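Take a look at the following structure, please.
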Amino acid sequence: MDVLVQLLQLLMLLLTLPLHLMALLGFWQPLCKSYFPYLMAVLAAKTNRRMENKKRELFSEIKGLMGTSGKVALLELGCGTGANFQFYPAGCRITCLDPNPHFEKFLKRSMAENRHLQYERFVVAPGEDMKQVADGSMDVVVCTLVLCSVQSPKRVLQEVHRVLRPVSRVGRTGAWGRQTALATPEFRGPRRGN
């Protein structure tokens, strides 16, 4: 049995050797950044069909944050292809943030399909370093399927805290059946330094 395991491990190493060489030579990362948006466009459509009712329910809570202007400033972290746009209520002014610049053309397509939203801008940056987004400038921050893939979830949440307006309140998200409070005053405690 031990010999079989060792042979299977050797086989896997040989099969993945081209990927390791590409990574060593610096080709893998640019290749992934270029083609990942295409994969996400396909996967997002399938995921939205499965999660449609839950997303509609959760994102409908954004309406409660709209003031007398009927507008809400929304930052989506790891926006990808803009898969959540169809679920946001009218009156959202969307700022998109993603470290992959190749998502922008998919975002523009998604915004064209969702004319009930106002597209503000696309920021190419990681969630851990959102310095291009002003302090206290957002009413809502949406972060779905992102915290599992960042370098520092703690740093991302600190940045979320920084960009949210102090009066922003309850926001929750469901990911794979789990509900989590994100960046609410109840969750994060009082703002420090203000």
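Can you give me the distance in nm between label points at Glu57 and Glu104, each placed 7 Å from the Cα along the Cα-to-Cβ direction?
3.8
Right, next: Of Lys55/Lys154; Lys54/Lys108; Lys33/Lys71; Lys71/Lys105; Lys54/Lys154; Lys105/Lys154, which ones are farther than 28 Å apart at the Cα?
Lys33/Lys71; Lys105/Lys154
Still on this model: Quick one: work out the % antiparallel among DSSP beta bridges in the chain, nearest 5.
Once the DSSP bridges in the chain are tallied, antiparallel ones form about 20 percent.
Next up: Lone cysteines in the chain, going by a 4.7 Å Cβ-Cβ cut-off?
Cys with no partner Cβ under 4.7 Å: Cys32, Cys92, Cys143, Cys148.
Please turn the phi angles of the range 53-62 into ³J(HN,Hα) values with the Karplus equation 6.51 cos²θ - 1.76 cosθ + 1.60 (θ = phi - 60°), one per residue in order, whole Hz, x for glycine and proline.
For the range 53-62, the Karplus curve yields 4, 5, 5, 4, 4, 5, 6, 5, 5, 4 Hz.
Separate question: Calculate, axis by axis, the spread of Cα positions in the chain along the three principal axes, and write the results as whole Å, longest axis first.
Sorted from largest, the Cα extents of the chain read 68, 39, 32 Å.
Keeping all protein chains in place, calculate the accessible area per residue for the chain (probe 1.4 angstrom), answer in Å².
Averaged over the residues of the chain, the accessible area is 62 Å².
Binning at 5 Å from 0, report for the range 43-112 what percent of all alpha-carbon pair distances ends up in each bin.
Binned Cα distances yield the sequence 3, 16, 25, 25, 19, 9, 2, 0.
Any idea what angle helix 104-113 forms with the longest principal axis of the chain, computed on alpha-carbon atoms, 0 to 90 degrees, nearest 10?
Computed tilt is about 50 degrees.
Taking springs between alpha-carbon atoms closer than 10 angstrom, which of Pro153, Pro37, Pro18 fluctuates most in the Gaussian network model of the chain?
Looking only at Pro153, Pro37, Pro18, the largest GNM fluctuation is found for Pro18.
Taking amide H positions as placed in the peptide plane 1.01 Å from N, state which residues far from Cys92 in sequence (5 or more) or on other chains have amide H under 5 Å from it.
Val72, Gln118
For Val141, enumerate residues with amide H under 5 Å from its amide H, sequence gap 5+ or separate chain, H modeled in the peptide plane.
Leu75
Between Leu39 and Arg93, what length in nm is gained on full extension when 0.36 nm per residue of separation is reduced by their alpha carbon distance?
16.8 nm
Right, here's the next one. Take the Cβ-Cβ distance between Leu31 and Asp135 as r, set R0 to 45 Å, and report the resulting FRET efficiency rounded to the nearest 0.05.
Rounded to the nearest 0.05, the efficiency is 0.80.
If R0 is 45 Å, what FRET efficiency do you get for Val5 and Ser152 from their C-beta distance, rounded to 0.05?
0.80
The values are calculated or read from the model by the stated rules, or taken from the named source; none is laboratory data. Fair warning: this is a prediction, and the values are worked out from it, not measured in the lab. Because the Cβ atoms are built from the backbone with ideal geometry, glycine has one as well, and the counts that use them run over all protein chains shown. SASA here: full protein model, heavy atoms, side chains in, ligands and nucleic acids out. Shrake-Rupley method; radii C 1.70, N 1.55, O 1.52, S 1.80 Å.
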